[in-house]
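Here's the structure we're looking at; comments come further down.
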Amino acid sequence: MPPVHDVAVVGAGPAGLAAAVEAAASGLAVALVDTAAQPGGQYWRHYDETHARPADRAGHHGWRTFTALRERLDALRAAGRIRYLPGHQVWLVTRSADGEFDLRLTATTATASVAARSIVARALILCPGGHDRQLPVPGWELPGVLTAGGVQALLTGHRTPAGRRAVVAGTGPFLLSVATGLAEAGVTVAAVAEANGVGGWLRDPLGALSAPGKGVEAARYAALMARHRIPYRTRTVVREILGRDRVEAVRLARVDRDGRATGPDEEVAVDLVALGWGFTPALELPLMLGAATARDVDGSLVVVADDLQRSSVDGLYVAGEATGVGGAALAVAEGRLAALALAADRGRPADPARTRRLRGRVRRGRRFAAAMHRACPAPPGWSDRLPDTTVVCRCEEVSYGDLRRAYDDLGATDARTLKMLARPGMGWCQGRVCGYATAAIAARWGGRATTVDDLRPLATRSLAVPVPLEEIAALAGEPAGATEEEGGDGE
Amino acid sequence: MTYRMTFRGAVVPAEPGQSVAAALVAAGVTDWRTTRRGGRPRGLFCGIGICFDCLITVDGVPDQRACLVAAADGLRLGDAPPDAGDARPGPGGALPDAGGADEPGRDDAARA
Amino acid sequence: MTADLVVVGAGVVGAASAYFATLAGLRVVVVERGAVAGGTSSAGEGNVLVSDKEAGPELDLALYSQRVWREDLAEHGDRWEFESKGGLVVAASAEGVASLRELTAHQRACGVDARDLGHAELRDYEPHLSPHLAGGAFYPQDAQVQPMLVAAHLLRLARERGAQVRTHTEVTGFLRAGARVTGVRTPAGDVPAGAVLNAAGTWAGDVAGLAGVRVPVLPRRGFILVTQPMPPGTIRHKVYAAEYVGDVASSDAALQTSPVVEGTAAGTILIGASRERVGFDRTVSTAAIGALAARAIALFPMLRTVRAMRTYLGFRPYCPDHLPVIGPDARAPGLWHACGHEGAGVGLSAGTGKLVAQALVGGRTDLDLAPFAPERFAEEDLP
């Protein structure tokens with residue numbers, strides 16, 4: 001039997017690091033499981049520390065928060081209070097009869113060593129983060145088109161610019177972070193195409209009030225954009241990406257509020273396109289446990305959490321993007337709050353004033369996030385004029401026309417049936433990339449806003465990540481070759 | 001030191017700490033597999049292990065996410081060449097062939 | 001218009017029945033509480049099998065269905081990925097081979113094409129098969145379809161012949177004229193009809209109950225593992241262990257797993273089959289998926305490092321005697337059933353639909369429906 005931890009924290013980004021450190025400081029025995037080889041998550045992704053250079057931290061916001069959390073993590077590990085499992089992915093969570101959570105782990109890469117195949121915990125704090133939301137556009141499957149987050153990860157995690165001449169497109173302030181990062185690395189940024197109106201998020205008074213730090217961030221981006229002379233085009237989208245076997249150019253178009261083109265296209269030669277439409281929280285683990293979900297202001301499916309980060313499932317706490325996309329500062333506050341709430345629920349002494357302060361911080365962070373989401377929506381009509389040949393599901397190469405035929409001819413009028421009959425979301429990524437888009441397309445054709453029922457079928461994954469069959473076979477309590485040996489006996 | 005990996009018979013240099021995908025992209029290679037149905041080229045997309053577009057064979061182990069696998073000296077990337085004559089450059093076309101790398105004459109592909 | 005027939009359920013059986021009813025000239029309305037093919041039809045492997053059936057009425061229906069798939073429905077086969085891939089049954093031990101030989105002899109007498117194979121021949125059929133197998137049998141008639149596409153396209157074809165399909169419409173009761181069933185009630189309004197066909201699959205017992213009759217359909221849970229896409233031809237046939245036939249026929253409530261492994265048009269490999277009676281519990285069973293993976297690896301050692309992308313579960317509509325319920329219900333005139341096909345509903349749907357349509361228009365049926373009569377169950381088997 002593996003040892004039973006008081007709590008398992010999944011994810012070592014801003015929320016998970018904060019939660020693990022706080023829970024351990026409260027005296028709980030903590031396991032911290034993370035896909036990456038070193039802590040930080042997507043937000044504080046940095047170059048391999050064994051080959052670090054001072055410049056690696058450049059451009060990171062809240063780096064001091066990270067290093068402080070990192071130091072506490074190291075100290076608590078050394079004290080035996082946190083068992084840290086980097087390079088491990090949770091592929092299944094089940095619950096035993098006495099309520100303990102059983103987490104099954106697999107190595108992130110085939111060559112990585114695995115310290116534990118399973119861990120058991122009395123409580124769970126899920127901090128799974130998220131990834132860039134994508135809206136299909138003709139040509140987005142061409143090599144040289146990356147997610148905005150992917151371009152950023154390549155820069156901050158691998159010191160590698162993904163191209164020489166780029167267009168960064170989609171919506172939201174993250175595009176500026178990517179564009180300025182590219183420019184600092186010597187890439188020519190031909191344009192930032194922001195689908196929404198003039199930097200509503202830059203000027204949003206409620207946002208600025210709620211999170212004063214954000215105003216500073218905005219000013220810094222504005223200065224960098226100016227210094228590198230990066231054209232910032234609002235109400236502009238990439239309408240098509242051109243190229244035979246890789247990106248050669250994009251067509252930019254002015255659009256109206258609904259995302260419909262209003263002007264002639266302009267062709268811009270590039271070898272890199274970075275696309276991002278906000279973020280999609282990773283919900284497979286909370287959904288596996290049956291947590292209640294809701295649709296957030298930005299249209300994402302999120303876990304419903306109370307004001308102490310408790311989900312609808314007893315013993316399951318959720319923090320960070322999974323409860324609503326809101327950035328690192330909010331995630332840290334939520335992670336801390338989840339850990340304090342858990343500690344209190346387990347009868348550990350908790351400082352009520354501190355909990356109150358964190359709750360206030362989370363409330364303000366949520367308000368700012370909501371304002372940001374309202375300023376940077378996915379344009380409602382983004383899919384209206386897609387050509388039928390546009391790839392929607394990259395894995396299974398399902399086109400917009402394939403979806404339309406399943407909808408029109410086969411009665412696939414909801415996202416789940418679309419998935420069953422046309423196969424979007426049935427490939428390697430299990431709908432992580434096309435899930436939001438497929439749900440939104442189904443809803444749009446049905447003449448309604450995207451609902452939880454549209455989003456859930458494509459966010460639910462029976463296995464959180466692909467896992468070798470021999471590791472599943474180990475669940476049976478019999479070695480994978482056992483039956484084969486019996487067969488041998490019979491000869 | 002700079003690592004030397006091979007891809008389709010060409011040398012791909014890598015800095016310690018880079019991922020396989022980053023090293024390929026830095027070497028001008030933007031695609032390293034083709035899709036099952038359309039036979040279309042694919043390479044890096046999400047860069048963080050979510051999308052599985054960047055699958056690659058590493059030292060004969062298929063379907064690894066290139067964005068997550070750390071570069072290492074001597075890694076053989078891509079399917080094992082059916083014979084030594086399969087030294088075509090990647091579609092990116094930017095790679096030097098093995099003989100044109102920093103240390104001329106060393107052909108890692110020959111080790112396969 | 002007043003419909004001639006209301007079909008309750010838009011799974012494969014309901015869809016096939018609706019399609020053949022429209023071909024027979026009936027005006028059909030299909031009423032489905034969820035989406036098209038949203039129940040057990042979306043949770044199977046798409047089996048069209050003769051190999052797993054012992055001599056008897058189910059084998060007769062399977063052989064009849066073979067003809068319907070390959071003749072009546074032949075022109076649409078590509079739409080639902082009909083693949084006449086053949087089934088390969090393997091046995092690990094000499095005893096297993098001996099009982100398999102007995103089975104194939106009986107099956108051949110009933111008209112099944114079953115070819116006995118020795119140890120050495122197995123890998124000519126499946127190169128990746130474990131070398132530690134004693135022998136097997138090949139069944140060229142076994143085939144595979146994509147069952148959700150079957151249901152959806154049959155409903156499309158029925159619609160083209162005037163049928164109406166009303167999804168997200170739950171039947172809440174029946175219209176009656178005395179004892180006679182004259183239609184169904186739904187929240188969206190009454191649907192009067194000359195006859196009502198209960199094709200509600202695993203939930204058919206509940207629908208029958210609304211009409212005041214008892215049909216003993218119970219859920220028998222099964223899991224399937226789906227692998228990453230593999231190169232074409234990795235696994236060429238439907239491959240399963242001989243013990244599967246015994247598991248299918250058993251009525252044990254406890255977990256049984258026998259390996260069933262096959263490729264699909266999409267490149268994935270499907271791994272079944274588990275059986276357990278646990279009601280409608282949708283929790284993932286680590287024991288079940290673990291056993292499936294272990295047994296599949298035992299058949300195909302190369303699967304060890306192949307990754308599973310997902311697992312899914314479904315509830316087979318199971319009757320105590322393992323036979324479906326097909327035909328008119330004398331206890332409620334006007335009510336018909338086509339349900340309870342357990343794990344064979346996809347394969348048997350084609351024949352079932354055609355026979356139901358023949359009976360509905362008062363003609364002679366190509367196959368005697370008496371063994372499937374709704375009233376056949378003993379009192380102790382009824383819910």
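The values are calculated or read from the model by the stated rules, or taken from the named source; none is laboratory data. No experiment lies behind these values; they were computed from the predicted model shown. Methodologically, a virtual Cβ is constructed for each residue, glycine included, from the backbone with ideal geometry; neighbour enumeration extends over all protein chains shown. The area values use the complete protein model at the heavy-atom level, side chains included, leaving out ligands, DNA and RNA. Shrake-Rupley method; radii C 1.70, N 1.55, O 1.52, S 1.80 Å.
What you get for the stretch A:135-276, charging only the Cβ of Lys and Arg (+1) and of Asp and Glu (-1), is a dipole of about 340 debye around the Cα centre.
Computed over neighbours whose Cβ is under 10 Å from that of A:Gly13, the net charge equals -1, Lys and Arg +1, Asp and Glu -1. Counting charges near A:Tyr317 (Lys, Arg +1; Asp, Glu -1) among other residues having Cβ under 11 Å from its Cβ returns a value of -3. For the stretch C:133-147, putting each phi into the Karplus relation 6.51 cos²θ - 1.76 cosθ + 1.60 with θ = phi - 60° gives couplings of 10, 8, x, x, 8, 10, 10, x, 6, 4, 9, 9, 9, 9, x Hz, in residue order, rounded to whole numbers and with x for Gly and Pro. The ellipsoid that matches the Cα gyration tensor of the protein assembly as shown has semi-axes, each √(5λ) in whole angstrom, of 50, 33, 29, with the longest given first. Restricting to chain C, compute how many DSSP beta bridges are antiparallel as a %, nearest 5. If we restrict to bridges inside chain C, about 70 percent are antiparallel. Near C:Ala195, the amide H atoms lying under 5 Å from its own belong to C:Leu5, C:Val6; only residues 5 or more places off or on other chains count, and H is placed 1.01 Å from N. Distance from the alpha carbon centroid of the stretch A:137-157 to that of the stretch A:27-44 works out to 25 angstrom.
Summarise the partner chain shielding of B:63-76 as one whole number: the mean count of Cβ atoms from other chains within 10 Å of each residue's Cβ.
Counting other chains' Cβ atoms within 10 Å and averaging over B:63-76 gives 3.
Given labels modelled 7 Å from the Cα in the Cβ direction, how far is it in nm from A:Ala75 to A:Arg220? Simple spin-label model gives 2.5 nm for this pair. Classify the stretch C:323-383 as rounded, prolate or oblate from the Cα gyration tensor: take a ≥ b ≥ c as the square roots of its eigenvalues, call it rounded if a/c is under 1.5, otherwise prolate when a/b beats b/c and oblate if not. Since a/c reaches 1.5 but b/c is at least a/b, the shape of the stretch C:323-383 is classed as oblate. Along the stretch C:195-211 the Karplus relation, 6.51 cos²θ - 1.76 cosθ + 1.60 evaluated at θ = phi - 60°, assigns HN-Hα couplings of 8, 10, 9, 8, 10, 8, x, 5, 9, 5, x, 5, 5, 4, x, 5, 9 Hz to successive residues, with x for each Gly and Pro. Based on alpha-carbon centroids, what's the gap between the stretch C:22-69 and the stretch A:306-365 in Å, whole number please? If you average the Cα positions of each part, the centres end up 52 Å apart. Multiplying the residue separation of A:Ala269 and A:Ala292 by 0.36 nm and removing their Cα-Cα distance gives an extension gain of 3.7 nm.
In sequence order, the stretch C:63-80 has phi-based couplings of 5, 5, 4, 3, 5, 5, 4, 8, 10, 4, 9, 4, 5, 9, x, 5, 5, 10 Hz under the Karplus curve 6.51 cos²θ - 1.76 cosθ + 1.60, θ = phi - 60°, and Gly or Pro positions carry x.
The charge dipole of the stretch A:391-458, taken about its Cα centre with unit charges on the Cβ atoms of Lys, Arg (+1), Asp and Glu (-1) only, comes to about 160 debye.
At R0 = 56 Å, how high is the FRET efficiency between C:Arg161 and C:Ala98 if r is their beta carbon distance? Nearest 0.05 is fine. E between C:Arg161 and C:Ala98, to the nearest 0.05, is 0.65. Among the protein heavy atoms, those of C:His119 account for about 80 Å² of accessible surface (1.4 Å probe, every chain in place).
Based on the alpha-carbon gyration tensor of the stretch A:135-276 and its eigenvalue square roots a ≥ b ≥ c, which shape applies: rounded if a/c is under 1.5, prolate if not and a/b is larger than b/c, or oblate? Note, shape of the stretch A:135-276 comes out oblate.
Between the beta carbons of A:Arg257 and A:Ala52, assuming R0 = 30 Å, the FRET efficiency works out to 0.10 to the nearest 0.05. Taking 15 Å as the cut-off, the amide N atoms of the stretch C:204-228 that come nearer than this to a point 7 Å along the Cα-to-beta-carbon line of C:Ala253 belong to C:218-221. Considering only the other residues whose Cβ falls under 13 Å of the Cβ of A:Leu28, what net charge follows from Lys and Arg at +1 and Asp and Glu at -1? With Lys, Arg at +1 and Asp, Glu at -1, the neighbours total +2. Can you give me the Cα centroid spacing of the stretch C:130-206 and the stretch C:280-314 in angstrom? For the stretch C:130-206 versus the stretch C:280-314, the Cα centre distance is 29 Å. Please label the shape of the stretch A:391-458 as rounded, prolate or oblate, based on the square roots a ≥ b ≥ c of the eigenvalues of the alpha-carbon gyration tensor (a/c under 1.5 means rounded; beyond that, a/b larger than b/c means prolate, else oblate). It comes out oblate by the Cα gyration axes.
When +1 charges are put on Lys and Arg Cβ atoms and -1 charges on Asp and Glu Cβ atoms, the dipole computed for the stretch C:1-117 relative to its Cα centre reaches about 160 debye.
How many percent of DSSP beta bridges within the protein assembly as shown run antiparallel, rounded to 5? Once the DSSP bridges in the protein assembly as shown are tallied, antiparallel ones form about 60 percent.
Restricting to DSSP loop positions (anything but H, G, I, E, B) with no more than 14 other Cβ atoms inside 10 Å of their own Cβ, which trypsin sites (Lys or Arg not before Pro) remain in the stretch A:323-430? Don't skip to the end; give the middle numbers.
Details: sites: A:Arg336, A:Arg346, A:Arg354, A:Arg356, A:Arg357, A:Arg359, A:Arg361, A:Arg363, A:Arg364, A:Arg366, A:Arg367, A:Arg374, A:Arg385, A:Arg394, A:Arg404, A:Arg405, A:Arg416, A:Lys419; in loops: A:Arg346, A:Arg385, A:Arg394.
Answer in residue order: A:Arg385.
Below 8 Å, C-alpha to C-alpha, sequence gap of six or more: please give me the relative contact order for chain A in percent. Result for chain A is 17 percent.
Summary value for chain C: 24 percent relative contact order, contacts being C-alpha pairs under 8 angstrom separated by 6+ residues. Between the beta carbons of A:Arg364 and C:Glu71, assuming R0 = 51 Å, the FRET efficiency works out to 0.15 to the nearest 0.05. For A:Asp414, no residue whose modelled amide H falls within less than 5 Å of its own remains once neighbours fewer than 5 places apart on the same chain are excluded. Around the amide H of A:Asp245, modelled in the peptide plane, lies no amide H under 5 Å away from a residue 5 or more places distant or on another chain.
When B:Arg76, A:Arg229 are compared by accessible area of protein heavy atoms, the largest-first order is A:Arg229, B:Arg76, using a 1.4 Å probe.
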